[in-house]
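What follows draws every value from the coordinates through simple rules; no lab data is involved. Every value quoted in this text rests on a predicted model; they were computed, and no experiment measured them. So basically every Cβ, Gly included, is an ideal-geometry build from the backbone, and we count neighbours across all protein chains shown.
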Amino acid sequence: MCRESGVPVLQLLGWIRTRWASMFTFLDRLILLRLAVNRSRFPTVWRTLPLLEAMAETWRNMADTERFADMRESILAGLDNLEKWYGKTDDTDVYFICLALDPNIKTAYTQESWDSEAHEEGLAKLESVYDSYYVAPTTENVPEVAQTGKCIATVIFSFV
């Protein structure tokens, strides 16, 4: 993603309390790496759920680590907020559908990362949305070529 966006491949820098300039370099690097996500030429809705889940897991681990004991309350408050926004993804089917329709992910991520009930619920929603848009082919909406097997016109496809 970074290479596609013309942003150098870099790691996220840590913030060191005893080094005053480290907060600046941390935020500067974060902004630079964010540009790679914003400039992506591909839809990124499918990344939402895995990203939120990874952030929540990381913050839970941080809250349980002695090293972050001083910030535990803040981490838990941030985790509550993150879970609130994650809960809002249940208001729409688009997140699961984008995961399932992405040829690289399909349903493998939800099968591995979600409990079976949530995965089955997502599949049911996908099927429901598909059924609401699906139009069964009839002789009225099937091109003549498919009915007769004879080519009656040259069709040119163009992808932009």
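Order the peptides 48-54, 61-67 from the highest to the lowest mean number of other Cβ atoms within 10 Å of their residues.
On the way: 48-54: 15.1, 61-67: 11.4.
So the peptides 48-54, 61-67, ranked by packing, come out 48-54, 61-67.
What FRET efficiency comes out for the pair LEU82/ASP131, r = Cβ-Cβ distance, R0 = 30 Å, nearest 0.05?
The value I calculate is 0.35.
Net charge around TYR95, counting only other residues with Cβ within less than 12 Å of its Cβ (Lys, Arg = +1; Asp, Glu = -1)?
Once all neighbours under 12 Å are counted, the net charge is -2.
Work out how much length ALA69 to ASP90 would gain on full extension: take 0.36 nm times their residue separation and subtract the Cα-Cα distance, in nm to one decimal.
4.4 nm
List the aspartates and glutamates whose Cα sits under 17 Å from the Cα of LYS88, skipping any in the same chain fewer than 8 residues away.
GLU53, ASP80, GLU121
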